[in-house]
1. Based on this model, can you work out whether Leu15 counts as surrounded by 12 or more Cβ atoms within 10 Å (Cβ to Cβ) and in a helix (DSSP H, G or I)?
2. Taking Asp71 and the conditions (1) outside any loop (DSSP other than H, G, I, E, B); (2) in contact (Cβ under 8 Å) with a residue 24 or more places away in the chain; (3) not aliphatic (A, V, I, L, M), which numbered condition does it fall short on, given that it satisfies the others?
3. State whether the residues of the range 92-103 include one that is over 20 Å from Ile2 (Cα atoms), surrounded by fewer than 18 Cβ atoms within 10 Å (Cβ to Cβ) and touching a Leu at 6+ places or on another chain (Cβ under 7 Å).
4. Considering only the range 121-145, state which residues are modelled with pLDDT of 95 or more and exposed (fewer than 14 other Cβ atoms within 10 Å of the Cβ).
5. Name the residues in the range 78-90 that are surrounded by fewer than 13 Cβ atoms within 10 Å (Cβ to Cβ) and either at negative phi or not in a loop (DSSP other than H, G, I, E, B) (or both), would you?
6. Ala112 fails exactly one of the following numbered conditions: (1) in a strand (DSSP E or B); (2) at pLDDT 95 or above. What is the number of that condition?
7. Does any residue of the range 24-41 turn out to be exposed (fewer than 13 other Cβ atoms within 10 Å of the Cβ), at pLDDT 95 or above, of a type in the set (D, E, K, R) and farther than 17 Å from Asp115 by Cβ?
8. Condition first: in contact with a strand residue (DSSP E or B) (Cβ under 9 Å, 6 or more places away or on another chain), of a type outside the set (Gly, Ala, Ser), under 23 Å from Leu27 (Cβ atoms) and not in a helix (DSSP H, G or I). Can you find one or more residues in the range 94-107 that meet it?
Amino acid sequence: MIEYKATTIDDAEALCSLRLEAMRESLERIGRYSPERSRERFLSSFVPENAFWILVDGEPVGFYALTRHPDHLYLDHLYISPTHQGKRLGSLVLASLQSEAASLELPIRLGALRDSDSNRFYQRHGFKLTHEEEWDLYYEYVPIA
């Protein structure tokens with residue numbers, strides 16, 4: 001059973017470590033693995049009010065951060081610990097967020113690291129590529145009205 005728990009500023013380091021663990025393989029693949037840069041990038045934009053731990057049987061296995069804007073939701077982060085990947089947890093979390101977006105009648109936008117497995121994951125769940133930048137691909141999911 002998946003539960004969600006609000007984060008606090010005291011969770012920042014643990015979230016940062018989980019993010020780096022989840023992204024390491026993808027970052028290494030494109031030659032961009034730098035724990036220092038990753039930590040700085042995450043901590044500079046971390047907003048505890050938008051982030052939630054993903055718990056399974058009371059244990060943290062990942063987190064997501066979703067920011068509400070007037071015309072869309074932005075999925076800043078969705079990470080599952082590598083030891084818990086492949087168990088459909090990400091799909092269940094994403095389905096919950098898509099349901100929230102549908103109830104708000106807002107699309108979800110996000111960016112994913114180029115060459116990351118997350119690109120296939122988001123495409124499988126109805127996200128469409130909107131544009132590309134040097135290191136990231138950007139997607140949007142529009143709920144069916």
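1. For Leu15, the condition - surrounded by 12 or more Cβ atoms within 10 Å (Cβ to Cβ) and in a helix (DSSP H, G or I) - is met.
2. Of the numbered conditions (1) outside any loop (DSSP other than H, G, I, E, B); (2) in contact (Cβ under 8 Å) with a residue 24 or more places away in the chain; (3) not aliphatic (A, V, I, L, M), the odd one out for Asp71 is (1).
3. Initial filter on the range 92-103 (over 20 Å from Ile2 (Cα atoms)): 102-103.
This time we only want the ones that are surrounded by fewer than 18 Cβ atoms within 10 Å (Cβ to Cβ), so: 102-103.
Next, from what is left, pick out any that are touching a Leu at 6+ places or on another chain (Cβ under 7 Å): none.
No; the residues of the range 92-103 include none that is over 20 Å from Ile2 (Cα atoms), surrounded by fewer than 18 Cβ atoms within 10 Å (Cβ to Cβ) and touching a Leu at 6+ places or on another chain (Cβ under 7 Å).
4. Across the range 121-145, the qualifying residues are Arg124, Lys128, Leu129, Thr130, His131, Glu132.
5. Thr83, Lys87 - these are the residues of the range 78-90 that are surrounded by fewer than 13 Cβ atoms within 10 Å (Cβ to Cβ) and either at negative phi or not in a loop (DSSP other than H, G, I, E, B) (or both).
6. Here Ala112 clears every test but (2).
7. First pass over the range 24-41, keeping only residues exposed (fewer than 13 other Cβ atoms within 10 Å of the Cβ): 25, 28, 30-31, 34-37, 40.
Then keep just the ones that are at pLDDT 95 or above; that gives none.
Within the range 24-41, none of the residues are exposed (fewer than 13 other Cβ atoms within 10 Å of the Cβ), at pLDDT 95 or above, of a type in the set (D, E, K, R) and farther than 17 Å from Asp115 by Cβ.
8. Within the range 94-107, the subset in contact with a strand residue (DSSP E or B) (Cβ under 9 Å, 6 or more places away or on another chain) is 94, 96-98, 100-101, 104, 106-107.
After this cut, where a residue has to be of a type outside the set (Gly, Ala, Ser) as well, the list is 94, 97-98, 100, 104, 106-107.
Subset that is under 23 Å from Leu27 (Cβ atoms): 94.
Retained after the next criterion (residues that are not in a helix (DSSP H, G or I)): none.
Within the range 94-107, not a single residue is in contact with a strand residue (DSSP E or B) (Cβ under 9 Å, 6 or more places away or on another chain), of a type outside the set (Gly, Ala, Ser), under 23 Å from Leu27 (Cβ atoms) and not in a helix (DSSP H, G or I).
The values are calculated or read from the model by the stated rules, or taken from the named source; none is laboratory data. Just so we're clear, the structure is a prediction, and the values are computed from it rather than from any experiment. With ideal geometry, Cβ positions are generated from the backbone for all residues, glycine too; neighbour counts draw on all protein chains shown.
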